Every structure is written in structure tokens, then in C-alpha cells.
Amino acid sequence: MPGSEPIIRVDGLVKTFRSPRRHPGPLGALRTLFTREYTVKSAVDGISFNVDRGELIGYIGPNGAGKSTTIKMLTGILVPTSGELRVAGLVPWMHREENALNIGVVFGQRSQLWWDLPLIESFELVAKMYRIAPERYGRDLGRFRELLGLDEFIATPVRQLSLGQRMRGDLTAALLHDPRVVYLDEPTVGLDVVAKERIRTFIEEINRERGTTVILTTHDLADVERLCRRIILIDQGKVLYDGTVERLTASYAPDRVLVVRLASDSANDGTNERPLDLPGVEVAQREAGSIRLRFDPAVMPAPTLINEVVRRYSVSDLSILEPDLESVIRELYERRSAVP
Amino acid sequence: MTRFTLSFDLWMAGLRGTLQYRTDTFIVIVMALAFQGTGFAFIWVVLSRFGSLAGWTLGQVAFLYGLRLIVHAVAGVLTGPFFGLEQQVRTGEFDRYLVRPLSPLLQFMTQRVEISIFGDLLGGIAIFVVADQLVGLAWTPLAFAYLVLAIAGGALVEGATRILIGALSFRFLASQSLLFLGDSVFSTFANYPLTIFGGILRFLFTFAFPLAFVAYIPASVLLGRTAELQVEPLLAYLAPVVGIIWIAASVRVFDRELRNYQSAGH
């Protein structure tokens, strides 16, 4: 929607945590108790971005990058140290209860359901909290029961649910009031392949059907590749990249890999005598009977490379690997740590 | 009003959750009765030997003791979970109350129910009823209304104290031992006529920290012993109001301290 207000505005957001300085040594603990020295750690260090309505964004980064801290500020759990932050026009921590009506939150690591009660009771309490009209509650819960297959365990106490079932329950509880924005923090963590796929399909559905804005934090890049058009990559509290997945791949990992299986797996396969000194090509990996060539298609088009390879060696099979998001991100982190 | 009914629904859910553990429920109630019973047995032994305590007869002391126990139980209806606050703040479990459309304090206080309040309530009512027979009060509607208000006011003072101490959790990540200390201050000093303690303590508990308003002043009013109080009789009648002032202040402090909440894991 061009021209409409972004639903989330983040400008120069900073969060620092202050803790008393730890002193080493036998009496260190005692000194720590009375210290007036503090160590200040910035978890989020000047992050800015906007999110439009209906976007589905992957918010990713390595452990300790500041992802959770950002999400906790966006949801109103933490008070920012400085910077501007508005979600649907509200400052989350200042207008916590109004903000809560606009958002849904799922923490994969921690359930928000009523632990000792049957799952259905959590939904009923949520309906009361958000003042959901009974007919809408009935209709939406029916839809979620069908999409997430809740019926088999809806009467079971939450503490007895499997991780996958609990997560489906948490997603339902976070979405029943039809929030404008949902924050999903590691919604697929620890789930098996089938459960992951079910959750992904559900997120996709909600985003498409209801136009819900989704901020997805995850370490599983398959989630991102499957669901997100846009990703925001953060590290050490700063935005490293903000844009489409395609552009990221194109600019950070243009190289592809040609996997060559050689006809004979004798040690003398000829690759040593006749090295490939072609422009834009390097040997990425060499094993008995196979060789991996990394090449830049802009410099060395794939057909030319294949011709050259076939001409020199006796080849039994060829395949080309496209760069996946994981290798792109690995590349990016490595490049970052190389430059101090 | 919706806030009230919602809190009630959440409290009932918290109670249903706690009652899932039946053996625990039973043991806790029996333990609470035994604990309070022992405390009262001590007073009974002392008084049967010495006849009176600072001029208070056995019946009058029992009246005070029972009243304070009822107040303690009522305070625990909402503030029982505070002993678990430090843990929830440290582990980041407190997050959940900050993303739902109701005050985090109300959500926290209703997520589970401290079962021992039922033991305290049973014990308190039993002692109070027996004491009432001993002192033989003539209950007018006005006196009864004052009793109800005094219980509410006293519960607010005790509950507010827990809220104030609990609020320290957000900054210091620890409050449990202070909460236990606070509770033992209440059970040490509020159960007995304050006249048995020194003048300084009496002054402090009346004007600095309103412990006297929890049960001692209301009991004095009901037993017609206002002459020995350090406050004007009129102020004694207004004891329930002290609870309202105290709770308003503590809720403000709690909300303010909440800003220091750091959750867990960055």
C-alpha cells in the first residue's frame, strides 16, 4: 500500500543493560556486592526500520545479536534506553495495555498458556481478556481448530501437551483476537519436520487471509526462505542488511558450485596434472572421485565451465548448487568477523 | 467493572489450576491450620498463666489474633503469589503479563492462588468466633460494618506491603527473603496488643509503617479500648482508609519499578 503509514516505525533504537562489575578472586563476590562500577552492554545499538502493513518479515541474526531485545521492546516488555519506536501509532511500553490489543506474541521457548488447565480454558480466558465477541470467537476458533488440528488435544491440560501441540495452542491464543501485528519468536524451535511445516503453512495462511503483519524471529533459515519476502539481518545490535532475500543472495553470494563426479575414483584421476586455471573458478573441495568448483556465473557462464570440465576429465555426473540462505549468511558473518 | 469480572475469572482459573494438585492442597491447608494453631496455643498458655497481657484478657487477645489471621488470609487472596515473583522476574516468565491487555500486577496476582489462605481463614474464623463468645460483644449493624471495612483495610495494608517489597524484584532481582521478613514482622507484632511493646515501636507502627491499622486499632475500637491508643479515636475509626492510601501508593511504586524489568536472555 504505497503512501500509507508504516505500521511499525523504529528509529535509532538503543537498549543497554547495566550490571555491577564482577570482581575476580576469593573476595570478588563480596566486592561485587558493594561495587559502584558497572559494565554497560549494548544489546541493541541504533536500529532503524519501518514495516508496512501486511508484510511478513524475517528478523534474523546470530545468538546474542539483539533480536529478542528488539522484539521485547516492540512488544512493550522492555523500555528502550533511547530512540523512537511506534507500533500502530503507539509507544508500546508507555501504552502497554492498548498496544497489547493490537499485537499477538508467541515465544517458542516459553508458553503463555495456563499451564495446569485444559487448553480450551486458555482460549476462553484470552477471549475474555480481549473482549472477543462470542460469535467471532466461535468462528475463529473453529477455523484454527481446523487449520492446526487442535481437536485431538483441546481438552488436555497444557502441561501434558507435546512441544508441537503446545506451540499450536500458543499460536491460536496469540491470534484469536485478530491482532494487526504478530511477533513470532522461534515458533518452530525444537519441532519435527511435519510440525514445522504445519506451523509455516499456518503463518502463511494468516498473513495472506487476514493481512496480519508478521515479524518472525528464527534460527531456522528454512522458515525464512519459505515465508519471508523481506529480511532484516542484525548483528551486534546493528542492522547488517534490510531487503529482499533475492537481493541478499545476489549481492553477497553470487557464486554457484559445480559438483563434478569423476568416472574413476583412482587417485590418479588427472585433476592434478591438468589443473583448471580458468577465470572466476576455484576448487572449493576435493574428495576421492569428486570435485567441487565454485564459480562466478558473471565471469564464467555455466555452459562454458561444463564444456571445459568435460573436455579435460572423464566425468560421470554433474550438478550445480544454488547458494542457499544459510551459506549466504555464514559468508556474511565470516566477512564481518574478518574486518574488525 | 469489566476489569473486576475479568480479574475474578482469572483468579478462578488460577484457583482451578492450583487445585489440580489435590494432595498438595490438602497438606497445605492442614499445615496452615497447624501453624496458626501453634501460634495461638502459645498465647493461650501464656495468658492462662498470667491472666492478662498489658490489660488485655485472653478473650480480647484471641479476638485480636483471630481478626489479624482473617486479615492475613484476605490479603493472601491476591498477594499470595508474591513469594514467587522474584523467580518469575529472574527467569523472564513475567514477560507474559506485559503483552496482554490488563494490568501486569493484576495478571500476576491472579495466575495462581495460594492455598494456605483457606487454612488461615478457617483458623482465623474459628479463633475469632470463640473469642467473640469470651468477650461477649453486642454486635450492632454499625459495628459489623466497621468489622468488614476494617478487615478489608487491614488486608490492603498487608497486601500493599507485599506489593512494595515485591516491586524491588525488578531492579534487584531478589525480594523473597524480604517478603518473608515482612511477613514475620506482621505475625510478630500485629498479632498482639501493641501496648506490650515499647513506645518507640508503637509510634513507628502507628505513624511510619501502619502495622497498627491492620488489626490492633480496629480491635481496640470494637473492644472499646480506644483510650490507650496513640491516635485520636476519630482517626481510629478511619483505620480502613489507611489501607486505601497505602495500596494506592504501593501500586504506583510497583508500576514505576516495572520499568526496570530486564526480562531474561538478550
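The values are calculated or read from the model by the stated rules, or taken from the named source; none is laboratory data. Remember, predicted model here, so these are calculated numbers, not experimental data. Methodologically, a virtual Cβ is constructed for each residue, glycine included, from the backbone with ideal geometry; neighbour enumeration extends over all protein chains shown. Quick note on the areas: whole protein, heavy atoms, side chains included, nothing else; ligands and nucleic acids left out. Shrake-Rupley method; radii C 1.70, N 1.55, O 1.52, S 1.80 Å.
At-a-glance table
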{"quantity": "Using θ = phi - 60° and Karplus 6.51 cos²θ - 1.76 cosθ + 1.60, couplings along segment A:39-53 (whole Hz; Gly, Pro as x)", "calculated": "9, 10, 10, 8, 8, 10, 10, x, 9, 9, 6, 10, 10, 8, 4"}
{"quantity": "Longest site-free stretch - chain A; sites: trypsin sites (Lys or Arg not before Pro), DSSP loop, at most 15 other Cβ within 10 Å", "calculated": "A:230-340"}
{"quantity": "Nearest-ten-degree value, helix B:116-135 long axis tilted from longest Cα axis of chain B", "calculated": "10"}
{"quantity": "Size of segment B:113-266 as Cα extents on the principal axes (Å, biggest first)", "calculated": "62, 33, 28"}
{"quantity": "Gyration tensor verdict on segment A:111-156 (Cα atoms; rounded if a/c is under 1.5, prolate if a/b is larger than b/c, oblate otherwise)", "calculated": "oblate"}
{"quantity": "Where GluC sites (Glu not before Pro) in DSSP loops with at most 12 other Cβ within 10 Å are excluded, longest remaining stretch of chain A", "calculated": "A:38-272"}
{"quantity": "Rounded tilt (10° steps) of A:119-129 against the dominant C-alpha axis of chain A", "calculated": "60"}
{"quantity": "Cα→Cβ-extended label distance, 7 Å offset, between residue B:19 and residue A:302, nm", "calculated": "6.7"}
{"quantity": "Label-point gap, in nm, between residue B:145 and residue A:294 - each point 7 angstrom along Cα→Cβ", "calculated": "8.6"}
{"quantity": "Sum of side-chain charges, residue A:212 neighbourhood, beta-carbon under 13 Å (Lys, Arg +1; Asp, Glu -1)", "calculated": "-3"}
{"quantity": "Between 0 and 90°, nearest 10: helix A:134-148 axis offset from chain A longest Cα axis", "calculated": "30"}
{"quantity": "Extension gain, residue A:226 back to residue A:331 (0.36 nm per residue minus Cα-Cα distance, nm)", "calculated": "35.8 nm"}
{"quantity": "Relative contact order [Cα under 8 Å, 6+ residues apart], chain A, whole percent", "calculated": "18"}
{"quantity": "Longest to shortest principal axis, alpha-carbon extents of chain B, angstrom", "calculated": "62, 41, 35"}
{"quantity": "Loss of accessible area when A meets B, both sides summed, Å² nearest 100, probe 1.4 Å", "calculated": "3000"}
{"quantity": "10 Å Cβ neighbours from other chains, averaged over peptide A:113-120", "calculated": "3"}
{"quantity": "Sulfur and carbon atoms: percent of accessible area, the protein assembly as shown [1.4 Å]", "calculated": "59"}
{"quantity": "Alpha-carbon Rg/Rh ratio, for the protein assembly as shown, with Rh computed the Kirkwood way", "calculated": "1.13"}
{"quantity": "Theoretical FRET efficiency, 1/(1+(r/R0)^6), r = Cβ-Cβ of residue B:172 and residue A:238, R0 30 Å, to 0.05", "calculated": "0.45"}
{"quantity": "Note, ³J(HN,Hα) from phi for segment B:105-114, Karplus 6.51, -1.76, 1.60, rounded to Hz, x at Gly and Pro", "calculated": "4, 5, 5, 4, 6, 9, 6, 8, 10, 6"}
{"quantity": "Mean projected area in nm² (Cα convex hull; one quarter of hull surface) for segment B:180-260", "calculated": "6.0"}
{"quantity": "Projected area averaged over orientations for segment A:135-206, convex hull of C-alpha atoms, nm²", "calculated": "4.9"}
{"quantity": "Distance between modelled label sites at residue A:320 and residue A:156, nm, 7 Å Cα→Cβ extension", "calculated": "4.7"}
{"quantity": "Net charge, residue B:121 excluded, C-beta distance under 13 Å - Lys, Arg +1, Asp, Glu -1", "calculated": "-1"}
{"quantity": "Qualifying chymotrypsin sites (Phe, Trp or Tyr not before Pro) for segment B:103-153 [loop in DSSP, other Cβ within 10 Å: at most 16]", "calculated": "B:139"}
{"quantity": "Solution diffusion estimate, µm²/s, Stokes-Einstein, segment B:1-64, Kirkwood Rh from C-alpha pairs, 20 °C, viscosity 1.002 mPa s", "calculated": "143"}
{"quantity": "Calculated from backbone phi, Karplus (6.51, -1.76, 1.60) coupling profile of segment B:146-151 in Hz, x at Gly/Pro", "calculated": "4, 4, 4, 5, 5, 4"}
{"quantity": "Equivalent ellipsoid, chain A (semi-axes from 5 times Cα gyration tensor eigenvalues, Å)", "calculated": "44, 28, 21"}
{"quantity": "Sites residue A:36 and residue B:50 - FRET efficiency at Förster radius 51 Å, r taken between beta-carbons, to 0.05", "calculated": "0.45"}
{"quantity": "Estimated FRET transfer efficiency when R0 is 30 angstrom, pair residue A:19-residue A:189 (beta carbons, to 0.05)", "calculated": "0.65"}
{"quantity": "For segment A:174-221, alpha-carbon Rg over 2.2 N^0.38 Å", "calculated": "1.13"}
{"quantity": "Residue-count net charge about residue A:122 - beta-carbon cut-off 13 Å; Lys, Arg +1, Asp, Glu -1", "calculated": "+2"}
{"quantity": "Theoretical gain in end-to-end length, residue B:200 to residue B:230 [0.36 nm per residue, Cα-Cα removed]", "calculated": "9.7 nm"}
